[in-house]
Amino acid sequence: MSLKVKPTGVLTETSSGRALLPVVALGTALVLVTYVTPMATIPATAADLGAGPVARAWILSSMSVGLAAALLASGVLGDTLGRRRVYVAGLAAMGLGALVCAVAQEPVLFVAARVVEGAGGAAILACGLALLAHVFPPGPRRVHATSVWGASVGLGIAAGAVLSAAMDFGSGWRESYALVGVLALLLLLPTRRGLPESSAAQRRPIDVPGLLLLVAGMTLLVSALTQGRNGVDALSTVLAVLAVLAFGGFGYVESRVATPLVDLELLRHPRFRAATTGSLVIGAGMVGMASFVPTVAQVGLGSSLWTGSLLVVAWAGTSFVTSMLVRHLPLPLEGPFPVAVLLVVVAAGQLLGYGLSASSGAVRLVPPMVVAGLATGVLNALLGREAVASVPADRAAMGSGANNTARYLGAALGITLFVVVATHAGSGVGAAGLVSGWNVAVLVSTMLTLLGAASIAALGRRRPA
C-alpha cells in the first residue's frame with residue numbers, strides 16, 4: 001500500500017494552508033451547530049410539527065442516523081474519488097437538508113431532511129480532517145491545524161446552543177435551520193476555491209457490497225436505538241435484528257475481499273485502537289450527558305431555555321479554549337496513555353454532576369460542564385490528530401471517517417442510554433423524578449467513561465515487532 005498522497009492541485013503548505021484551515025474549521029463548526037440545534041428547540045419543533053413521543057425521539061436523533069451511516073463511507077469515497085469533491089457534495093447536501101427542515105410541515109419530511117443533513121455532515125467531517133492531514137505534514141504545523149479543527153467542534157456546539165436560544169422570534173426554530181442552510185450554501189464557493197483536491201496515490205477498488213452492508217447496518221442500529229428510546233417494541237426489535245444481520249454480512253464480505261473497507265490489521269495498532277475507542281467513549285459518556293443538560297435544567301430545575309443553552313456553552317466553550325491551547329504544549333500528546341488520562345478527567349467532571357436535587361439552582365451544573373470541557377477540548381484535538389496519524393497517508397479520510405463514526409455511534413448509544421435511565425430510574429414524579437433519574441444516569445455515564453479509560457490503558461501496549 002502506498003503511503004504517498006497524489007497531488008492534484010497546488011499543494012504547498014503556505015499557499016493552501018492559509019485558505020484551507022479556516023474553510024474546513026467553518027464547515028466543521030457548521031456541522032456541529034446544526035447537530036445540537038434540536039436539543040434546545042425540541043419543545044417548539046415538536047409542537048409545531050405535531051410530533052408525538054416517538055417522533056420527538058426521531059427529531060433528536062435523525063441526524064445521528066445520517067452521520068453514523070455515512071461517515072466511514074464518505075472517508076472511503078473521499079480517498080478514492082477525491083476528498084474535496086466529496087467534501088463539497090456534503091456541504092451542498094447539508095445546506096439543502098437544512099432548508100428543507102426550515103419549511104417542513106410534518107415530522108416525516110423533517111426527519112428525512114435531518115438524515116440528509118447528517119450524511120452531508122459526515123462527508124465534511126471525514127474529508128475535512130483528511131484534507132488538513134494532506135496539506136499539513138506531521139509536526140508542529142499539523143498540531144496547530146488539528147488543534148484548530150478540534151476547537152471548531154467546541155465552537156460549533158457553543159454557537160448552536162446560543163443560536164437556538166437567540167432565535168426567539170418567529171417559529172423559534174425554523175429560522176435556525178434556514179440560517180444554517182444559507183451559510184452552508186454560501187460556503188460552497190470559497191470551499192471550491194480554497195480546498196486543494198487530493199486522493200490516494202493508488203486508488204483501491206471500492207468494495208460496493210461491503211459499503212452497502214455497512215451503511216445498512218449503521219442505519220438500522222441507530223434507528224433501533226432511536227425507536228427504542230421510548231420503550232422496546234416490535235419495530236425496534238426488528239431493526240436491531242436486521243442490524244445484526246447486516247453487520248454479520250459485512251464481516252463475511254470483508255473477510256473475503258482483497259481490499260476491505262477497513263483493514264482489520266489497523267486494530268492491532270495501539271494509536272488507532274486508542275483513538276477509535278476514545279471517540280466511542282466520549283460519545284457514549286459525555287456527549288450523552290451533555291445532551292440531556294438542557295432538559296434537566298428546564299424541566300427538572302425550572303430554568304429558562306437560555307440557561308439550559310448556556311450550560312452547554314460552558315462545556316463547549318471550555319473545550320474550545322483548551323483545544324486551541326494544545327498547540328502550545330511543549331511536548332506533543334500522542335498514543336493511548338494521554339487519551340486514558342484525559343478520559344479520567346472527563347469522568348471526574350461528570351461525577352461532579354451527581355447529587356442534584358429539585359431545589360438546586362442551574363449554577364450547580366456549571367462545575368461539571370467546565371471540568372469535563374477542559375479535557376474534552378484536548379481530546380477533540382488529540383483524537384483528530386491520532387485518527388489520521390495512525391493510518392497510511394493515502395487512507396487518511398478512511399481513518400477520519402472511522403474515528404468520527406465511533407464518536408457519533410457512541411453518541412447515539414449514550415444519548416439513548418442517558419434518556420432511558422434518567423426518565424425511568426428516578427424515584428418520585430414530575431420534576432423531582434427527573435432530577436432523581438438524572439443522578440442515576442450520571443453514575444452510569446461516569447462508569448462508562450472510566451471503563452473506557454481503563455480499557456484504553458490496558459490495551460495500549462505496543463504490538464510486538
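Quick notes
- Output for the stretch 223-252, where each listed residue is crowded, with 17+ Cβ neighbours inside 10 Å and modelled with pLDDT of 85 or more: SER223, ALA224, SER236, LEU239, ALA240, LEU242, ALA243, ALA246, PHE247, GLY249, PHE250
- Against the test of being over 21 Å from the mean Cα position of the chain (by Cα) and either more than 19 Å from PRO38 (Cβ to Cβ) or of a type in the set (S, T, N, Q) (or both), the options PRO107, PRO138 yield a single qualifying residue, PRO138.
- Meets criteria (part of a helix (DSSP H, G or I) and touching an Asp or Glu at 6+ places or on another chain (Cβ under 9 Å)) for ARG385: yes
- Meets criteria (touching a helix residue (DSSP H, G or I) at 6+ places or on another chain (Cβ under 9 Å), hydrophobic (A, V, I, L, M, F, W, C), surrounded by 24 or more Cβ atoms within 10 Å (Cβ to Cβ) and assigned by TED's automatic domain parsing to the domain that holds ASP48) for PHE136: no
- Only one of SER199, SER164, SER176, SER147 that is closer than 16 Å to ARG395 by Cβ and small (Gly, Ala, Ser): SER199
- Of the residues in the stretch 420-437, at least one is at pLDDT below 90, closer than 17 Å to GLY231 by Cβ, polar (S, T, N, Q) and in contact with a helix residue (DSSP H, G or I) (Cβ under 8 Å, 6 or more places away or on another chain).
- ALA284 more than 23 Å from SER64 (Cβ to Cβ) and surrounded by 20 or more Cβ atoms within 10 Å (Cβ to Cβ): no
- The condition (being among the β-branched types (Val, Ile, Thr), in the same structural domain as ALA126 (by TED's automatic domain parsing), in a helix (DSSP H, G or I) and in contact (Cβ under 8 Å) with a residue 60 or more places away in the chain) is satisfied by just one residue among VAL341, VAL366: VAL341.
- Screening the candidates LEU125, LEU186 for the property of being of a type outside the set (Gly, Ala, Ser), assigned by TED's automatic domain parsing to the domain that holds ALA70, touching a helix residue (DSSP H, G or I) at 6+ places or on another chain (Cβ under 9 Å) and farther than 22 Å from VAL312 by Cβ yields one hit, LEU186.
- Matching residues, the stretch 342-373, being of a type in the set (Ser, Thr, Tyr) and either under 23 Å from the mean Cα position of the chain (by Cα) or farther than 20 Å from SER309 by Cβ (or both): TYR354, SER357, SER359
- Pairs linking a residue in the stretch 264-290 that is aromatic (Phe, Trp, Tyr) to a residue that is buried (at least 23 other Cβ atoms within 10 Å of the Cβ) and in a helix (DSSP H, G or I), with Cβ atoms under 7 Å and 6 or more positions apart or on different chains, do not occur.
- For first residues located in the stretch 9-33 and more than 10 Å from TRP149 (Cα to Cα), partners that are at pLDDT below 60 and part of a loop (DSSP other than H, G, I, E, B) and lie 6+ apart or on another chain with Cβ distances below 9 Å form the pairs SER16/GLY9; SER16/VAL10.
- Restricting attention to the stretch 316-349 and to residues that are more than 14 Å from LEU374 (Cα to Cα) and aliphatic (A, V, I, L, M), the residue that is surrounded by the most Cβ atoms within 10 Å (Cβ to Cβ) turns out to be ALA340.
- The sole residue among LEU305, LEU311, LEU239 that is outside the structural domain of ALA159 (by TED's automatic domain parsing) and of a type in the set (A, V, I, L, M) is LEU239.
- Any hit, the stretch 227-234, residues being in contact with a helix residue (DSSP H, G or I) (Cβ under 9 Å, 6 or more places away or on another chain), of a type in the set (A, V, I, L, M, F, W, C) and more than 24 Å from VAL287 (Cα to Cα): no
The values are calculated or read from the model by the stated rules, or taken from the named source; none is laboratory data. All values reported here derive from a predicted model rather than from experimental measurement. Cβ coordinates were reconstructed from backbone atoms using ideal geometry, including for glycine residues, and neighbour counts include every protein chain displayed.
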